[in-house]
Amino acid sequence: MRFFLHRFIVSIIFRGVVADAAFGQGQEADYLANFDAIEDATYALVKDPSSSEKLPSGLVPTCANRGLSSNSGAPREVTVSGGGTVTSSAVASQCGADSVCIIPMGTTFEVNASIDLGALVVRGNVEWTDSQLFSPDVYLCAGYVAIEGQGQWNMDVQDKNAAIYIKNNGYVHPDLRSRAFGSHAKTASDYPTIDIRGRELVRTWSLLSEPLNGGDSTMTLLHDANLMGWRVGDRVGISSDEPMASGEGEEFTILAISERGTVTLDRPAENDYDVAFVPPREGQTYPALMSPEVVNLSRNIVITGDDYEHIGCDPNLPEV
């Protein structure tokens, strides 16, 4: 079976913009010369106002591209008090966009509304589930999120939408550094955990089972879109079927799904995508299906953030 996923990634994420994006160690000058072009060409939901998917209301004006915090060099640290379970409003009353907010051991932060923090350190627990949310769309913004010690990040959002937005605000974790979302064990006895569960997709991709020609707005897949868990409003991308990563992929939004799983698209296809069965070669048993991949690009939990910027190497940092 022949796949052309590489071209799909280039055409969907880079959307036809030409930018060199592979460099060796000796090509620093080329990398720097192409850095801005690569950033501009890279897909991010926050940069796509025309997308059928939307980030939670209020996230962009509150968090996106707000620049360095005025106290990023020496941020204040706030350990949340109260013990037991604290909600977003209780945390926001103690912490803010100008502080490193610490959830201590023995405290559970129940995320039930959107919140903007300078940074977040979790040594206790974070719980973020459908049943707790006041709104169908909730976000958490921070310069970094670090789960430490015995901290736990438990996130299970199936029916609503959630976003974790990592800001480029200048806040730096001593070990994970800037703009990080992750866990860090400082000692052998530490066991921080992150468990994120979003809307289940039985399959995230399939193949065309019938050709999709230019002008067609109905797509037939090898697998039933209903059984895969795909929904109206999902974004899907189709790869090129041209050899050697040539040709163009396209992106669509699902307008309807029939009982048989046929997908109606939001616009006609611009290119032709062929499907063919190739007879077995000598000594082989099975035929090969020559077909473009179709990938579901939608996720109800989005981890994103400000654009990256080039930061020169620091010889004082320890080797990893």
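The values are calculated or read from the model by the stated rules, or taken from the named source; none is laboratory data. Predicted, not measured: the structure shown is a model, and the values here were computed from it. Cβ atoms come from the backbone with ideal geometry, glycine included; neighbour counts cover every protein chain shown. SASA here: full protein model, heavy atoms, side chains in, ligands and nucleic acids out. Shrake-Rupley method; radii C 1.70, N 1.55, O 1.52, S 1.80 Å.
The numbered conditions (1) hydroxyl-bearing (Ser, Thr, Tyr); (2) under 29 Å from Asn34 (Cα atoms); (3) not in a loop (DSSP other than H, G, I, E, B) are all true for Thr253 except (2).
Taking residues in the stretch 263-280 that are closer than 16 Å to Ser206 by Cβ and in contact (Cβ under 8 Å) with a residue 24 or more places away in the chain, and partners anywhere that are open to solvent by 70 Å² or more (accessible area, probe 1.4 Å) and acidic (Asp, Glu), the pairs with Cβ atoms closer than 7 Å and at least 6 places apart or on different chains are Val275/Glu210. When the stretch 107-132 is filtered for residues that are open to solvent by 40 Å² or more (accessible area, probe 1.4 Å) and either of a type in the set (Ser, Thr, Tyr) or at pLDDT below 95 (or both), the ones remaining, listed by number, are Ser114, Ser131.
The numbered conditions (1) open to solvent by less than 10 Å² (accessible area, probe 1.4 Å); (2) within 16 Å of Ala64 (Cα to Cα) are all true for Ala97 except (1). If you filter the stretch 133-157 down to residues that are touching a residue at least 60 places away in the same chain (Cβ under 8 Å) and among the β-branched types (Val, Ile, Thr), you find that the one that is surrounded by the most Cβ atoms within 10 Å (Cβ to Cβ) is Val138.
The set of residues in the stretch 83-111 being in a loop (DSSP other than H, G, I, E, B) and over 18 Å from Cys63 (Cβ atoms) consists of Gly83, Pro104, Met105, Gly106.
Of the listed requirements (1) farther than 28 Å from Val295 by Cα; (2) open to solvent by 50 Å² or more (accessible area, probe 1.4 Å); (3) not aliphatic (A, V, I, L, M), Asn213 misses just one: (1). Looking at the stretch 216-263, which of its residues are aliphatic (A, V, I, L, M), under 14 Å from Val275 (Cβ atoms) and open to solvent by less than 10 Å² (accessible area, probe 1.4 Å)? If the condition is that a residue be aliphatic (A, V, I, L, M), under 14 Å from Val275 (Cβ atoms) and open to solvent by less than 10 Å² (accessible area, probe 1.4 Å), then Met219, Ile238 are the ones that fit. Scanning the stretch 225-249 for residues that are charged (D, E, K, R), farther than 30 Å from Gln158 by Cβ and under 24 Å from the mean Cα position of the chain (by Cα) turns up just one, Glu248.
Restricted to the stretch 265-304, and to residues there that are of a type in the set (S, T, N, Q) and open to solvent by less than 50 Å² (accessible area, probe 1.4 Å), the residue that is nearest to Ile164 (Cα to Cα) is Thr304.
With respect to Gly283, is the statement that it is in a loop (DSSP other than H, G, I, E, B), modelled with pLDDT under 90, small (Gly, Ala, Ser) and within 27 Å of the chain's Cα centre (by Cα) true? No; evaluated as a whole, the condition is false for this residue.
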